[in-house]
Amino acid sequence: MLSHWAGSTPLADKFTPGTSYYFNDFDSEQQPWEPGQFLNFEEVFKNYQYYEIVFNQDGSEITVSRYLRGIKAFSERYQILPDNSLRKK
């Protein structure tokens with residue numbers, strides 16, 4: 001389980017590309033962006049709303065999908081900038 005996000009480590013080093021990670025919320029405006037409280041698989045489906053984040057293979061982009069009642073509401077792609085902020089693609 002991923003438990004510590006602070007520090008100057010690039011985000012891509014903290015995640016496995018192509019793996020789904022689930023979170024309670026998502027704020028693309030946060031500077032630097034940090035993903036928030038990680039949810040395990042069992043916790044995800046108890047929530048009315050949650051976010052799935054998947055890093056691309058080289059760690060330069062993420063795909064964020066919002067789910068409502070287990071159904072995907074939308075997906076957006078973001079580029080990860082050198083300062084760990086996000087830019088919508």
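The values are calculated or read from the model by the stated rules, or taken from the named source; none is laboratory data. For clarity, every value in this text was computed on a predicted model and none was experimentally measured. Cβ coordinates were reconstructed from backbone atoms using ideal geometry, including for glycine residues, and neighbour counts include every protein chain displayed.
For the reader, a short list of remarks on this structure follows.
- Residue within the stretch 62-78 that is at pLDDT 90 or above, of a type in the set (S, T, N, Q), part of a strand (DSSP E or B) and surrounded by 15 or more Cβ atoms within 10 Å (Cβ to Cβ) present: yes
- If the condition is being part of a strand (DSSP E or B), closer than 14 Å to Tyr21 by Cβ and either in contact with a Leu (Cβ under 6 Å, 6 or more places away or on another chain) or not β-branched (Val, Ile, Thr) (or both), then the stretch 37-60 contributes Phe38, Leu39, Tyr50, Tyr51, Glu52, Phe55.
- Taking the stretch 12-36 as the range and being within 10 Å of the chain's Cα centre (by Cα), surrounded by 15 or more Cβ atoms within 10 Å (Cβ to Cβ) and not in a loop (DSSP other than H, G, I, E, B) as the test, the residues that pass are Tyr21, Tyr22, Phe23.
- Neighbours by Cβ (under 6 Å, 6+ apart or cross-chain): first from the stretch 37-50, over 10 Å from Leu68 (Cβ atoms) and in contact (Cβ under 8 Å) with a residue 12 or more places away in the chain; second not hydroxyl-bearing (Ser, Thr, Tyr) and not in a helix (DSSP H, G or I): Gln37/Asn24; Phe38/Leu2
- Filter result for Arg69 (under 15 Å from Gly18 (Cβ atoms), out of contact with any Gly (no Cβ under 8 Å at 6 or more places or on another chain) and not polar (S, T, N, Q)): no
- Residues that are small (Gly, Ala, Ser) and out of contact with any Phe, Trp or Tyr (no Cβ under 7 Å at 6 or more places or on another chain) do occur in the stretch 53-62.
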